[in-house]
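Here's the structure we're looking at; comments come further down.
The values are calculated or read from the model by the stated rules, or taken from the named source; none is laboratory data. Because the structure is predicted, anything quoted here is derived from the model rather than measured. Every residue, glycine as well, gets a Cβ built from its backbone with ideal geometry; the counts of neighbours run over all protein chains shown. Please note that ligands, DNA and RNA were not included when accessible areas were found on the heavy atoms of the full protein model with its side chains. Shrake-Rupley method; radii C 1.70, N 1.55, O 1.52, S 1.80 Å.
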Amino acid sequence: MNWLTNVVRPKIRNMLRRETPENLWIKCPDSGQLVFYKDVEANQFVIPGSNYHMRMGAVARLKSIFDNETWFDVALPEVTADPLKFRDEKKYVDRIKDARARTNLNDAIKVGYGKLEGAGVVVAVQDFDFMGGSLGMAAGEAIVRGLELAVEKKSPFIVFAASGGARMQEGILSLMQMPRTTVAVQMLREAKLPYIVVLTNPTTGGVTASYAMLGDVQIAEPGALIGFAGARVIEQTIREKLPEGFQRAEYLKEHGMVDMVVHRHELRPTLARLCRLLTKAPAQENVSKPTQPVASPAQIVSAAETAPAAPHA
């Protein structure tokens, strides 16, 4: 055994080797520029040079909306994991396990209750990283539960939509979430509470055909792809060339499909202002960074059937 070759040299190499994270740099899909990941993260996942809005995870989104980055997770009803025993190239239950391990989420939608500039709001966020944000039974239950909680709390409901559509592995049970969520939205409307939808990139399929287009106010992030069928399918169906920018947020605003296109940095104050206007609440000063928790866990447990040990921070 050559001690210098087999022992000393590998140890020196290990000492000099630098571990580089896979996501250290991000390439902007719009301009192609390489940007340091930490800079993009600190900028709410907006590319500094091009203003391109990257996808934003559920937890990061909730942190960006709630005061003090603090909220209470809303307990969601359990659903059957694989009702149809579906399998394609891979078992559906295995796909769910992989998605949960990768995202640390139970399903595609996360619901939280907290304060937005001092006023209580319920926020649901659809995470595209969880199986394309697809709408299945669990996601449908999350939207319905969030709307029920908003009625109980007499607070606005804000949903951030990001989805490729219904989840095919659940078949008709997935499609049934479209009328269920629509009925739940109507329940909020009868209670005369605001329902605000923020359409992010992308929002398509059955989600667009249900709760994502029923808001009292429809907001879209810049450049977001919003539609039901894809542009290629539409072109093949009507046999015409679609106009430039078709199904993008700015095009839809020009044609009356959305009310406003709001930059992510302006989204929080815009939502707070809309909630005050729609609930006729007086404007409050210096409430964007409260020093006290939004509520005690006991209050939330009794009204929202949640049981967090402490608020998220």
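Give G133, G164, G230 a once-over and let me know the one that is closer than 30 Å to E266 by Cβ, touching a helix residue (DSSP H, G or I) at 6+ places or on another chain (Cβ under 9 Å) and modelled with pLDDT under 95. Give the steps one after another, and end with the answer.
Numbers: G133 fails: modelled with pLDDT under 95; G230 fails: touching a helix residue (DSSP H, G or I) at 6+ places or on another chain (Cβ under 9 Å).
Criteria check complete, one pass: G164.
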Considering (1) open to solvent by 60 Å² or more (accessible area, probe 1.4 Å); (2) closer than 22 Å to T208 by Cα, say which one D98 fails and leave the rest.
(2)
Looking at (1) of a type outside the set (F, W, Y); (2) assigned to a loop (DSSP other than H, G, I, E, B); (3) in contact with a His (Cβ under 9 Å, 6 or more places away or on another chain), find the lone condition where E78 falls short.
(3)
Inside region 124-229, counting only helices (runs of 4 or more DSSP H) that do not spill past its ends, which hold 1 or more residues that are open to solvent by less than 10 Å² (accessible area, probe 1.4 Å), without any contact (Cβ under 8 Å) to a residue 40 or more places away in the chain and touching a strand residue (DSSP E or B) at 6+ places or on another chain (Cβ under 7 Å)?
137-153, 177-190
Filter result for G112 (in contact with a Ser or Thr (Cβ under 8 Å, 6 or more places away or on another chain) and modelled with pLDDT of 95 or more)
no
